[in-house]
1. Using only the alpha carbons, work out the radius of gyration and Dmax of region 132-192 in angstrom.
2. Please arrange 1, 18 by accessible surface area, largest first, computed with a 1.4 Å probe and ligands excluded.
3. Express the carbon and sulfur contribution to the solvent-accessible surface of the chain as a percent, rounded to the nearest whole number, probe 1.4 angstrom.
4. Leaving out ligands and nucleic acids, and using a 1.4 Å probe, what accessible area per residue does the chain come to in Å²?
5. Using a 1.4 angstrom probe with every protein chain in place, what is the largest-first accessible-area order of 146, 12?
6. Using only the Cα atoms of region 1-129, each taken as one equal point scatterer with no solvent, compute I(q) by the Debye sum, divide by I(0), and report log10 of the ratio at q = 0.09, 0.11, 0.12, 0.20 Å⁻¹.
7. Which value in nm describes the separation of the simple spin-label points at residue 38 and residue 17, placed 7 Å from the Cα toward the beta carbon?
8. Helix-only mean residue ellipticity at 222 nm, the chain, DSSP H runs n ≥ 4 weighted -39,500 (n - 2.57), per residue, nearest 500. What is it?
Amino acid sequence: MATPESITILDISGTYIMNKAKSDNSTDEVLRLQGVSWFKRKAISVGTITLKLKHYKDEEGVEHVDIDQTLTGGIPGTSEKRTLAWKERHNEDHLFGAVVGKTRRTTVDVLDDDFLKKGWTEDTLEHGVIQSYVESDTPKSGTTWIANQTWGIEVVEGERRYTRHVKFTGPQGEDIECRLVYDYLFRRSHEY
């Protein structure tokens with residue numbers, strides 16, 4: 001289902017399902033290069049990925065995006081609490097291992113890569129995309145990779161969609177661009 005006009009990059013709260021038919025099919029290779037096992041990658045490829053996003057500002061006006069990700073098929077979900085302050089945070093994830101990441105709202109003109117800049121709706125460009133920069137914590141994880149992402153609203157096949165553009169650099173310098181497209185399910189005001 002298309003993302004309603006009432007959902008903008010200023011508040012992406014809601015429940016979304018990854019639309020694998022509209023998303024790029026390079027996700028398995030990205031996961032492989034991140035060290036995710038064949039079994040888990042297979043379960044991800046056949047399972048349904050659901051994101052529950054809670055986007056809000058705290059008492060000091062700092063933006064946050066809390067993400068609960070679930071997957072059918074027996075793989076435990078992940079939970080992330082993103083603070084849009086561009087400060088490094090360390091996390092240990094059962095899927096990706098030890099990682100270091102930072103998140104912010106930014107205008108596309110400060111981004112270095114065209115793939116991360118293009119395709120966004122006018123309101124997303126006006127208010128800025130959300131940029132998530134995550135890399136493996138190599139001393140702890142034993143692997144090296146970078147996932148630089150931008151999140152926002154774009155028009156896909158004539159419909160507004162919440163999407164993520166992922167610019168991935170693998171252990172051997174592999175360069176993969178991947179667009180993830182999500183179907184909007186609902187927003188319950190009492191949950192967000």
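The values are calculated or read from the model by the stated rules, or taken from the named source; none is laboratory data. These numbers come from a predicted model, not from an experiment. As a convention, Cβ positions derive from the backbone with ideal geometry for all residues, glycine included, and neighbour counts pool all protein chains shown. Note: areas computed on protein heavy atoms with side chains; ligands, DNA, RNA excluded. Shrake-Rupley method; radii C 1.70, N 1.55, O 1.52, S 1.80 Å.
1. According to the Cα coordinates of region 132-192, Rg and Dmax are 15.6, 46 Å.
2. Values: 1 130, 18 30 Å².
Descending accessible area places them as 1, 18.
3. On the way: 4790 of 9670 Å².
Answer for the chain is 50 percent, counting heavy atoms of protein chains only.
4. Working: 9670 Å² over 192 residues.
Per-residue value: 50 Å².
5. Working: 146 50, 12 0 Å².
Heavy-atom accessible area, descending, gives 146, 12.
6. -0.31, -0.47, -0.57, -1.55
7. Going from the residue 38 label point to the residue 17 one covers 2.9 nm.
8. On the way: 5 runs with 30 residues, N = 192.
Helix contribution divided over all residues of the chain: -3500 deg cm²/dmol.
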